[in-house]
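Accompanying notes for the structure given below.
The values are calculated or read from the model by the stated rules, or taken from the named source; none is laboratory data. What you are looking at is a predicted structure, and each value in this text was computed from that prediction instead of being measured. Note: ideal-geometry Cβ built from the backbone for every residue, glycine included; neighbour counts use all protein chains shown. Quick note on the areas: whole protein, heavy atoms, side chains included, nothing else; ligands and nucleic acids left out. Shrake-Rupley method; radii C 1.70, N 1.55, O 1.52, S 1.80 Å.
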Amino acid sequence: PGVCVVGGGPAGFYTAQHLLKHHGGARVDIYEKLPVPFGLVRFGVAPDHPEVKNVINAFTQTARSERCAYYGNVTVGRDVTVAELRQAYHAVVLSYGAEDNRVLGIPGENLSGVYSARAFVGWYNGLPENRDLKPDLSCETALILGHGNVALDVARILLSPLPLLKKTDITDSSLAALACSKVKRVWLVGRRGPLQVAFTIKELREMINLPGARPVLNPADFTGLENAIKDAPRPRKRLTELMIKTALEKPGEKTMEVQAVVAPAAAPREWGLKFRRSPEEVLPTADGRRARGVRMALTRLEGSGDSAKAVPTGDVEELECGLVLSSIGYRSLPLDPAVPFDTQRGVIPNSLGRVEGVPGLYCSGWVKRGPTGVIITTMNDSFETAQSVLEDLQVGVLDVSTSREGFGAVESILRSRGVRPVSFSDWEKIDAAEVARGKAAGKPREKIVDPQEMLRLIGH
């Protein structure tokens, strides 16, 4: 059987891996719109978290299997339609992730100085579409809206000592911009309370231990929480205890030697968590062009735990800042009119990865379950979808008696539309070039951020 996977990120690769491992006759073709593979492992994982990128080794093994092929630089829905893919393959799995971000929907969010965390992450990670972001880092205070791991990533990159970043695969131009950054205070603001934060303890601990930056947590935010978490699940309990401990520590208990090494005589950088505040408007400077602050509605919580809702109290507060980053979540987009899509939830309606009402069509990853969870969550999710495909092959829901042409059919379609796919060995040439450029600078790699340059490099 021939299976086609749309999307070369973790969901696509894990789906392919499972199919190849558990079906000795399956052939899997992976299509990716960028020339380069690995999706958010390359473009989402923070540069100072290299260990998280080790999954790339397993993905590379998958791509090198003789029953797997990778076709980069192919945009499904434009260069080839889902209907055309369904003609060419016995099964099609959509694993293209969440390529947009949720918007705040408040006045002033289009002012200069306001960015989505997604675009900011794409910028320092070398995502081609964000390479020209040029965020203005000339202010002292930055405000990040959101309490997830991405919000902490962004705060950490803004406040990290330059020597730490220089050893990572952060892009050259963002390193240069961060070297000139005036940002020394970062507030992370959430609509709900300390018990509803979405980041994990590992990321919080890393932020607390960041050299040269001190945490500013208000003890009043944490009073009485010890009781509230008595029966909470262990991860939530440990996370909250760490926040309480940090809030109650006296400033200066963190060794001053560390501070001196990083920024002798400079005022230490700082970051803090603010709770129960919902953004109402980004406030403009006198000329009406740039952000100078955010007006926030103070909220109170109705209900408790993860389902608690933030309700405005009627009070407002203004916070001064020249940089606003909204980190309120990613969003999947419909790919092709032929595919059902739930715009409310931002997912393809499915059961166990089988797309509702379209036999032979499947989905995995964020477009299947929404933009939540880490790589391991996506792995399990993709294995589940692959299992559905295998079951449908077994019971004959997918008719493999008729042969399908696979890439042969797609290739002629792409050629007729002037599209040249990028192979996995092409990617390995790009990879080698990046690693060589990085070596010269003492980095694991220097990412190429311009797709045209990637294509020139492989002689396209």
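Projecting the Cα atoms of 40, 275, 398 onto the charge dipole of the chain (Cβ charges, centred on the Cα centre) puts 275 farthest toward the positive pole. Dipole check for the chain: with +1 at the C-beta of Lys and Arg, -1 at the C-beta of Asp and Glu, and the Cα centre as origin, the magnitude is about 760 Debye. Of the GluC sites (Glu not before Pro) in the stretch 338-423, the ones in a loop by DSSP (not H, G, I, E or B) with at most 15 other beta carbons within 10 Å are 356, 405. Highest mean packing first, where packing is the average number of other Cβ atoms within 10 Å per residue, the peptides 90-96, 119-125, 338-344, 173-179 line up as 90-96, 119-125, 173-179, 338-344.
Scoring 213-222, 357-366, 51-60 by mean Cβ neighbours within 10 Å over their residues and listing the highest first yields 357-366, 213-222, 51-60.
What FRET efficiency do you get for residue 453 and residue 119 if R0 is 25 Å and r is their Cβ-Cβ distance, rounded to the nearest 0.05? About 0.75, to the nearest 0.05. Taking trypsin sites (Lys or Arg not before Pro) across the stretch 358-460, the ones in a DSSP loop with at most 15 further Cβ atoms lying within 10 angstrom of their Cβ are 417. Close amide H partners of residue 274, meaning residues 5 or more places away or on another chain with modelled amide H under 5 Å apart, are 188, 189, 190. So for the stretch 101-326: antiparallel DSSP bridges make up what percent, rounded to the nearest 5? For the stretch 101-326, the DSSP antiparallel bridge percentage is about 40. DSSP bridge analysis restricted to the chain gives an antiparallel fraction near 35%, rounded to the nearest 5.
Accessible area per residue for the stretch 101-326, computed on protein heavy atoms with a 1.4 Å probe, is 47 Å². Taking amide H positions as placed 1.01 Å from N in the peptide plane, with prolines and chain starts having none, which residues 5 or more places from residue 316, or on another chain, fall under 5 Å of its amide H? Placed amide hydrogens put 298 under 5 Å from residue 316. Put simply, the convex hull of the Cα atoms in the chain casts, on average, a shadow of 24.2 nm².
When each full DSSP H helix of the chain is screened for a Cα extent of at least 27 Å along its own axis and an average Kyte-Doolittle hydropathy of at least -0.5, the helices passing are 375-394. Lysine pairs in the stretch 101-326 whose alpha-carbon atoms fall under 17 angstrom of each other, counting only those eight or more residues apart or on distinct chains, come to 9. With a 1.4 Å probe rolled over the protein heavy atoms of all chains, the accessible area of 315, 79 falls in the order 315, 79, largest first.
Put simply, when 27-35, 419-427 are sorted by average Cβ atoms within 10 angstrom per residue, most first, you get 27-35, 419-427. Placing +1 on each Lys and Arg Cβ and -1 on each Asp and Glu Cβ, with no other charges, gives the stretch 101-326 a dipole about its Cα centre of roughly 380 debye. Residue 289 to residue 395: FRET efficiency via 1/(1 + (r/R0)^6), r the Cβ-Cβ distance, R0 45 Å, to the nearest 0.05? Given R0 = 45 Å and the Cβ-Cβ separation, E is 0.15. Note that the stretch 333-341 has calculated 3J(HN,Hα) couplings of 10, x, 9, 7, x, 6, 10, x, 8 Hz, one per residue in order, obtained from phi through the Karplus relation 6.51 cos²θ - 1.76 cosθ + 1.60 (θ = phi - 60°); glycine and proline are x.
What the phi angles of the stretch 42-51 give under the Karplus curve with 6.51, -1.76 and 1.60, with θ = phi - 60°, is a coupling list of 7, 10, x, 4, 5, x, 8, 10, x, 5 Hz, glycine and proline written as x.
Per residue of the chain, the DSSP helices (runs of n ≥ 4 H) give a summed -39500 (n - 2.57) that works out to -10000 deg cm²/dmol at 222 nm. When all alpha carbon pairs of the stretch 101-326 are counted in 10 Å bins from zero, the resulting P(r) reads 8, 32, 36, 21, 4, 0 %. As I understand it, the dipole of the stretch 101-326 uses +1 on the Cβ of Lys and Arg and -1 on the Cβ of Asp and Glu, about the Cα centre. Which of 183, 155, 119 lies farthest toward its positive end? Working it through, the farthest residue towards the positive pole turns out to be 155.
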